[in-house]
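> Let me give you the structure first, and then I'll get to my questions.
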Amino acid sequence: MYIGEAARLSGTTIKCIRHYESIGLLPPAKRQGKYRIYDPHDVELLGLIKCAQRLGFTLREMQALMADGQISLERARQAIAGKSTQLRQRIYDLQRQFDELQAFDAGLQQLADSCFPLL
C-alpha cells in the first residue's frame, strides 16, 4: 500500500510517517519506482507508535526502545514500569496541588467572611 493508505489505516499523517522514517522509528519503506510501499506490519508499527504517544511516551523514548530496530518485550516492560512510576508521581503531585488549591480557596473565603461580612 502507498503512504496515504498507511497513514489512513494507522491514524497518522504522511508527514509523521516520513518523520518516523527519518529518525529511525520506522524502517525505510520499500520502493516501487518513486513511491513508498508499506505492508501491514508497518501499519501495525505505526499504530504502536501512536498508541505509545497517547500513553505519554516521547519519540526519543521510543527510539531508545527500538535501538536495534526491534522492540523487545523486556525493554518494553521496563519502559512501561518507568512510565508508570512517573505517572504515579505526577498524580501524587497534582493531588497535592489540588488539595493546596482547595485549602487556599477555603482560606480566602474565611478571610472574606471575617473582613467583609456584608459582601
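Here, each number is a calculation from the coordinates, and none is a lab measurement. This is a predicted model, so every value here is computed, not measured. Neighbour counts are summed over all protein chains in view; Cβ atoms, including those assigned to glycine, are modelled from backbone coordinates with ideal geometry.
> Nearest 20 debye, what's the magnitude of the dipole of the chain about its Cα centre given +1 on Lys and Arg Cβ and -1 on Asp and Glu Cβ?
It comes to approximately 720 debye.
> Taking the Cα of Gln63, stepping 7 Å toward and past its beta carbon, and measuring to each backbone N in the range 1-26: which are under 14 Å?
19-26
> Then there's this: Any idea which of Thr85, Pro117, Leu65 is furthest toward the positive side of the dipole for the range 36-119, if Lys and Arg beta-carbons carry +1 and Asp and Glu beta-carbons -1?
In the range 36-119, that residue is Leu65.
> If you don't mind, another one. Quick one: helix 40-54 against the long Cα principal axis of the chain, what's the angle to the nearest 10°, folded into 0 to 90?
The angle comes out near 10 degrees.
> Another question, if that's okay. What do you get for GluC sites (Glu not before Pro) in the range 1-75 restricted to DSSP loop and a cutoff of at most 11 other Cβ within 10 Å of the site's Cβ?
Taking the range 1-75 and a limit of 11 other Cβ atoms within 10 Å, no loop GluC sites (Glu not before Pro) are found.
> Can you put Tyr2, Tyr20, Tyr35 in order of Cβ neighbours within 10 angstrom, beginning with the fewest?
Listed from fewest to most nearby Cβ atoms, that is Tyr35, Tyr2, Tyr20.
> Fewest Cβ neighbours within 10 Å first, please rank Lys83, Lys30 accordingly.
Lys30, Lys83
> If you take the square roots of the eigenvalues of the alpha-carbon gyration tensor of the range 1-65 and sort them as a ≥ b ≥ c, do you get rounded (a/c under 1.5), prolate (a/b over b/c) or oblate?
Cα axes put the range 1-65 in the prolate bin.
> For Arg36, enumerate residues with amide H under 5 Å from its amide H, sequence gap 5+ or separate chain, H modeled in the peptide plane.
Ile3
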